[in-house]
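A short write-up of the structure that comes next.
The values are calculated or read from the model by the stated rules, or taken from the named source; none is laboratory data. This is a predicted model, so every value here is computed, not measured. Cβ sites come from the backbone with ideal geometry, for glycine too, and all protein chains shown count toward neighbours. The protein model used for the area step is the full one, side chains on, heavy atoms only, and it has no ligands, DNA or RNA in it. Shrake-Rupley method; radii C 1.70, N 1.55, O 1.52, S 1.80 Å.
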Amino acid sequence: MTQTLFSETGSNRWRQRPKMVLLLLFVMAFALWQVGSWKREAVLDELEESSRQELRRYVLHLQGQLEKYEFLPGVLASNKSLVHLLLNPDDSESIEALNLYLETLNKLTGTLDTYLMDAEGLTIAASNWATEKPFVGRNFSYRPYFQEAMRGHLGRYFALGTASNKRGYYFAYPVRSENRILGAVVIKINMTPIEESWKDAQNELLVTDPDGVVFITTNKSWRFKTLSPLAPEVQTRIRKSRRYGDEMLESLPISKLETRGQNAHVIRINEGRGYYYLVQEESMSHAGWRVQILTRLDNVNSKILNAVVFAGLFFLAVVLLLIFWIQRRNRLHEKARFEQRAKELLEIRVGEQTRDITEANVRLTQEIEQHRRTESELQRTQNELIQSAKLALIGQMSTGISHELNQPLAAIRSYADNALALYRRDRRNEVEWNLVQISELTERMAQISSQLKLFARKTAGKKSRVSVTAVIEESLQLLSSRILQTRIEWKPPEEPLYVLANMVQLEQVLVNLIGNALQAVDTSPDPAIVIEVSVSSDAKTVSMQIRDNGEGIPDNLLVRIFDPFFTTKEEGQGLGLGLSISMRIVDAMDGKLTAQNNASGGALFTLALPAASSEDSMVFADQVRTEAP
Ligand code: ADP
């Protein structure tokens, strides 16, 4: 399986990232630009408002200054001495007196100059009569204020004094006598103190005449400059009027950048570093002037920059937070997907394992089935084998039985034939002997069949207290005909020992064991059988040992000798039932029969039986005989 937990990575998203970054930058730039322009608008609005108020204040101040002097020439014109002098221009005494009067008045009112002109424009008396460049005797008829006064109006004019070279504002008023204009009285106001009182840190102020020439300004370098280039004819006219003396009246290098509202706009004066200004103006209709306030915009830029930087930082923080949030969300998504994938893989693995287990289970079941079949096959084979073994056993047994029975039967027949022949010859004694033989043989046959019956019987006979010495000696007695050359080592115990057993059956067992031993020692050079009796330390068991010096029992046969019909003897010598019957008898009497080989050779059979207590009833050998089958 090639599936992995990370088969689907966020590569698409990463590929899209440069686009996202570009978009973000664009949005950020746009937002910052918006913030900048919003801040600029706000700051400019604020400045506009405050500057407008400032401007208003300056205009009022200027107007106040002018109005203060406006009435003065009118008052002077009504003075009779002026009329008198104009009517008598050669009266030198009056001229002198008027010069003094005008000088005094000039000082008192704070005007720059006060003087009297005749109808030709010739100055006939002046406050500055005693100075180096007195006006007296000079003709100013070219001045528009004079011409205006001569037309009967209050003449107003701003100009650079031709004699004094000082900027001044002129008021001229006609001097009348009987409705005839004799001349004009003029006062000149000094504009310098007004200009000086206007010093302002943030703003520049300027006052322009109707031609746009700056004549009052807080910035000295702008003085007598124009706001826009003057047309040649205008320039000629101004030169002719000698209004601004020999000043060149160059135009200021102004770029108008933006118009805000009616009387406000943003300009740049390309002078030196080139400052930006917010310009607002107000006109003074009487004087025909325009007063302008120029507010420096340096601070505005720094304020905008501050706002933009602040907004930028804010935006950056928001973006960072956003990125952080997105990454966190992505991480969570990734984690969830990872877990989901892990779960799926786990399920797949569990599924595979379950499948494997199921397959293994099926295989196991099949194997078990196979084993069962094999087992039943084996069982069947075994049963068949057992069956064959049984058949073989039955065959072996029948052969044994028929052999055992055929021998006496043949003998009986020959004894019977002998008896018949002897009877015919009337040899009665011999007939009797033969009959006795026949009788004994039938007895033997009865014994054989009784042995078979005993084999079939399951329970032991009635048990009683049996003397070990008695039962051993009885058995030896029964076998006496077979003992012959064999040496029997038998020493009865000093204290009589008793066991709880069936006397006849015990005797059968002992006859069988001693009989087997007799057969075993048959070929020994010095045949001997040792019979020993002992009692266990707890006196509960009495053991009888029958030891011979025959060939012993091969080790591999030790376990088989107790099997029914197992025999190593030749045909007719044994049925192979003796030990198996003996074993059953001893078992039924709660005893134990074991076989082993002597260290010196020969077999050793041990017969252990429960010891009888004195309460158990005694059985005697005679009784046994009568009870025997
Ligand atoms: P049988 O005597 O008819 O063969 P048993 O059951 O009495 O039947 O004995 C079984 C076998 O045990 C004998 O064939 C013999 O091989 C062996 N056996 C029994 N007793 C002895 C003995 N004392 N020495 C050697 N072999 C013995």
Test result for T131, touching a residue at least 40 places away in the same chain (Cβ under 8 Å) and among the β-branched types (V, I, T): no
Residue within segment 74-85 that is part of a helix (DSSP H, G or I), in contact with a strand residue (DSSP E or B) (Cβ under 8 Å, 6 or more places away or on another chain) and surrounded by fewer than 14 Cβ atoms within 10 Å (Cβ to Cβ) present: yes
Lone qualifier among N556, N516 - being within 13 Å of the ligand (Cβ to nearest atom) and over 26 Å from I401 (Cα atoms): N556
Options F566, F562: the member that is in contact (Cβ under 8 Å) with a residue 12 or more places away in the chain, touching a Lys or Arg at 6+ places or on another chain (Cβ under 7 Å) and open to solvent by 30 Å² or more (accessible area, probe 1.4 Å): F566
Tally of residues being within 11 Å of the ligand (Cβ to nearest atom), open to solvent by 20 Å² or more (accessible area, probe 1.4 Å) and farther than 14 Å from T606 by Cα across segment 573-587: 4
Filter result (among the acidic types (D, E), more than 30 Å from G395 (Cα to Cα) and open to solvent by 60 Å² or more (accessible area, probe 1.4 Å)) within segment 524-559: D526, E532, D538
The one condition in (1) polar (S, T, N, Q); (2) within 22 Å of I216 (Cα to Cα); (3) open to solvent by 20 Å² or more (accessible area, probe 1.4 Å) that T114 fails to fulfil: (3)
Single residue of segment 272-299 satisfying the filter (under 30 Å from E67 (Cβ atoms) and among the small types (G, A, S)) that is farthest from the chain's Cα centre (by Cα): A287
Some residue of segment 500-520 being surrounded by fewer than 15 Cβ atoms within 10 Å (Cβ to Cβ) and of a type in the set (D, E): no
Residue ID - modelled with the lowest pLDDT, chosen from residues in segment 588-629 that are within 16 Å of the ligand (Cβ to nearest atom), small (G, A, S) and assigned to a loop (DSSP other than H, G, I, E, B): S600
Test for F315: is it open to solvent by 60 Å² or more (accessible area, probe 1.4 Å) and assigned to a helix (DSSP H, G or I): no
Members of segment 544-553 that are within 25 Å of A501 (Cα to Cα) and more than 8 Å from the ligand (Cβ to nearest atom): M544, Q545, R547
